[in-house]
1. What dipole magnitude, in Debye to the nearest 20, does segment 67-137 give about its Cα centre under +1 on Lys/Arg Cβ and -1 on Asp/Glu Cβ?
2. Would you mind calculating the gained length between Lys46 and Asp131 on full extension (0.36 nm times residue separation, minus the Cα-Cα distance), in nm to one decimal?
3. Against the longest alpha carbon principal axis of the chain, how many degrees, from 0 to 90 and to the nearest 10, is the axis of helix 119-136 turned?
4. Amide H to amide H, which residues 5 or more places from Tyr61 or on other chains are under 5 Å from it, using H placed in the peptide plane?
5. To the nearest 500 deg cm²/dmol, what mean residue ellipticity at 222 nm is calculated for the chain from DSSP H runs of n ≥ 4 alone, each contributing -39,500 (n - 2.57), summed and divided by the residues?
6. For the chain, with only Lys/Arg (+1) and Asp/Glu (-1) charged at the beta-carbon, what is the dipole magnitude about the Cα centre, in debye rounded to 20?
7. Residue by residue, what Karplus-based ³J(HN,Hα) values in Hz, rounded to whole numbers, does segment 73-88 have, using 6.51, -1.76 and 1.60 with θ = phi - 60° and x for Gly and Pro?
8. Given the options His50, Ala161, Ser12, identify the residue whose Cα lies farthest towards the positive end of the charge dipole of the chain (+1 on Cβ of Lys, Arg; -1 on Cβ of Asp, Glu).
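Every number here is computed from the coordinates shown, using simple stated rules; none is lab data. In this text, all values refer to a predicted model and were calculated from it rather than measured experimentally. All Cβ positions, glycine included, derive from the backbone under ideal geometry; neighbour counts span all protein chains shown.
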Amino acid sequence: MIATLKGHIVESRLLQVVIEAGGVGYEVNIPIRTAEKLPPMGSETKLFIHPVYRDDSHTLYGFLNREDRDFFKLLVDKVSGVGPKMALMLFSRLSIRLLRGAIFHGDAKLLAQCRGIGKKTAERIIIELRDQVKSGIPSPTTTVSSDDGAIPGDSNLFQDAISALGVLGYKAVEADKAVNRAMDQLGPEANLENIIKKALSG
């Protein structure tokens, strides 16, 4: 079972990367959000891997942090009708913060904006995962280990910033990207005011 993969990037495409480790090139499927954060070609990187073994194929799915990988696995394993490709589309469209928030708040409309996700599938995701997401939404004092490539997680702060940008005319997906980028750049110093300023400055 492959859990992590560390090596040099030798090929990179929109939804796929090839990482060479120990003289072997591993083809890994990745969401667009992961692709956007990968280092340049030839650089070393580490991905958290979810392998899918079938009779006719062995496929690897990779993420920059453990939280994304584990939630991807939860989607694929627990929600009937959601396979790896559909889950990859969800992760390409929505950050894990917005995805968790949509499930927690029962926002089927937001989930259904993702390619391949209809209203019934969105509702099934909410029903199947809402209880598990409740325990996974961080409190304002919760932090995530930097070893996972994640940043301090404050669900209320994130949702407040998303709401503020919504008032300013941002669509949910656009606001999600802007706020996540701002929080990544600000790290532990993030507060609502400077998150919004950073998001607006691009």
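1. 220
2. 27.5 nm
3. Result, in degrees: 80.
4. Counting only residues 5 or more places away or on other chains, the set is Asn29, His50, Val52.
5. -14500 deg cm²/dmol
6. 580
7. With coefficients 6.51, -1.76 and 1.60, one gets 4, 4, 4, 5, 7, 9, 9, 5, x, 10, x, x, 5, 5, 4, 5 Hz.
8. Working it through, the farthest residue towards the positive pole turns out to be Ala161.
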